[in-house]
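To start, the structure under review is shown below, and the notes come after it.
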Amino acid sequence: MNCTCGSEIYTPSVLRDPNTGVIVTYPWFIAEHPDNTYPDKASFPKDTEVLIRTFDNVYVHQIHHAYRFMVVHTREILSKRSAEHFVTGRGKYFNQKLAEFSPEGPDELYIDV
């Protein structure tokens, strides 16, 4: 999506249910909202939450190093302001500065926040 100035806009995932007025922002809750609100039109098979959450945990553990690489390089495609926000947020999430987090080691391009 582009703003009127022509630059790209990146937005977080948000679901607003027009039937209930509920606004949901967390990805897992976005995924489960339709099933909880409209059970006759379920997206996920009944009683599979434990399996899905287990698979998700195993999957994330297995791709951790690839994920680290992707996270580190995401800042390269962001504007300076977005990159600062991204680096700060991921640093808090991982409890580590991204420069220290990088599988490639720190470099001079990192925004030190």
Counting just the residues of the range 85-103 that are in contact with a helix residue (DSSP H, G or I) (Cβ under 7 Å, 6 or more places away or on another chain) and assigned to a loop (DSSP other than H, G, I, E, B), which one comes out modelled with the highest pLDDT?
-> 97
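Return the residue satisfying two criteria in turn: it lies in the range 76-96 and is basic (Lys, Arg) and over 15 Å from residue 8 (Cβ atoms), and of such residues it is nearest to the chain's Cα centre (by Cα). Let's see the steps before the verdict.
At the first step, the residues of the range 76-96 found to be basic (Lys, Arg) are 80-81, 90, 92.
Next, only the ones that are over 15 Å from residue 8 (Cβ atoms) stay: 90, 92.
On the way: 90: 10, 92: 14 Å.
Step by step, filter the range 76-96, then rank; the result is 90.
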Taking only the range 30-54 into account, find how many residues are loosely packed, with under 10 Cβ neighbours inside 10 Å and of a type in the set (D, E, K, R).
-> 4
Out of 64, 73, which single residue is modelled with pLDDT under 80 and either exposed (fewer than 15 other Cβ atoms within 10 Å of the Cβ) or of a type in the set (Ser, Thr, Tyr) (or both)?
-> 64
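The values are calculated or read from the model by the stated rules, or taken from the named source; none is laboratory data. What you see is a predicted model, and the numbers here were worked out from it, not measured in a lab. Counting neighbours? That spans all protein chains shown, and the Cβs are built from the backbone with ideal geometry, glycine included.
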